[in-house]
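The values are calculated or read from the model by the stated rules, or taken from the named source; none is laboratory data. Small disclaimer: the values here were computed from a predicted structure and weren't measured. Cβ coordinates were reconstructed from backbone atoms using ideal geometry, including for glycine residues, and neighbour counts include every protein chain displayed. Keep in mind that these areas ignore ligands, DNA and RNA; they rest on the heavy atoms of the full protein, side chains included. Shrake-Rupley method; radii C 1.70, N 1.55, O 1.52, S 1.80 Å.
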Amino acid sequence: MKNWKRILASGVAASALAASLCATAPASAATGAETEGTSTVSLPMAFSGYDATAAEQNGYAIVTDATGARSSVPVSADAIAFEQQLARQASSRTAYVDGPCGSSWINAKSSGQRKTITTGYVVTHPVIAKTWTVQVWGWSGLPSFTWSGPSGATWFSSWAFNGGGDFANVLPGSNVVMSNGAVCVSGSPGENFHS
């Protein structure tokens, strides 16, 4: 439980920048369509199940109701307090979250042979683990870069390299495990490199 509190605190500083990047993408960008005035493509993340061990380690329990539906329930005092705080902040904290888990995004810029990719996500809970890969596609090889580890509920990072490539995307299967045990998979946003 103490780890996700530190992770949440470290993600606060990144929240403003990531939120402003996501906020610049109009609603049509959520479908993957790029529109004038934006170069960031955002797609919802999809819920893919629960990691019961991760939930338990962070004060949650995965329960099954009479219909067979599973959900994550806070059981420790810290987890209950966090969920209450999250509910109070819902209007501002989830302003840029698409879908039940959150949203993920990518921005691919090119300046000659120098390529810079910025990617990130906004989810509902602190992330205790992620596997996040960006793949570059084109005639000059297929470089990729993977990030892992914990983060706050808002995370972004950049990767730069010299080389070719026409298109970059968050590789399908890239995912996060949140403190409540929910596993969320990126919608795999991608875009052509632009200046």
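Quick notes on this one:
- Full extension of the chain segment joining Ala160 with Glu56 gains 33.7 nm, where the gain is 0.36 nm per residue of separation less the Cα-Cα distance.
- Each of Ile62, Leu86, Ser103 was scored by the projection of its Cα onto the charge dipole of the range 46-180, and the greatest displacement toward the positive side belongs to Ser103; charges sit on the C-beta of Lys, Arg, Asp and Glu.
- Globularity index of the range 49-195, i.e. its alpha-carbon radius of gyration over 2.2 N^0.38 Å: 1.20
- Near Asp166, the amide H atoms lying under 5 Å from its own belong to Trp137, Gly138, Trp139; only residues 5 or more places off or on other chains count, and H is placed 1.01 Å from N.
- For Gly181, distant residues with modelled amide H under 5 Å away: Ala55
- Put Val134, Val183 in order of accessible area, highest first, and with a 1.4 Å probe you get Val183, Val134.
- Of Ile106, Ile80, the residue with the largest accessible area leads and the full order is Ile80, Ile106 (1.4 Å probe).
- The Leu86 and Ala46 beta-carbon pair, evaluated with R₀ = 35 Å, returns a calculated FRET efficiency of approximately 0.95.
- Applying 1/(1 + (r/R0)^6) with r as the Cβ-Cβ distance of Ala69 and Leu171 and R0 = 30 angstrom yields a FRET efficiency of 0.50.
- Note on Ala77 and Ser195: the extension gain reaches 37.5 nm, defined as 0.36 nm multiplied by sequence separation minus the Cα-Cα distance.
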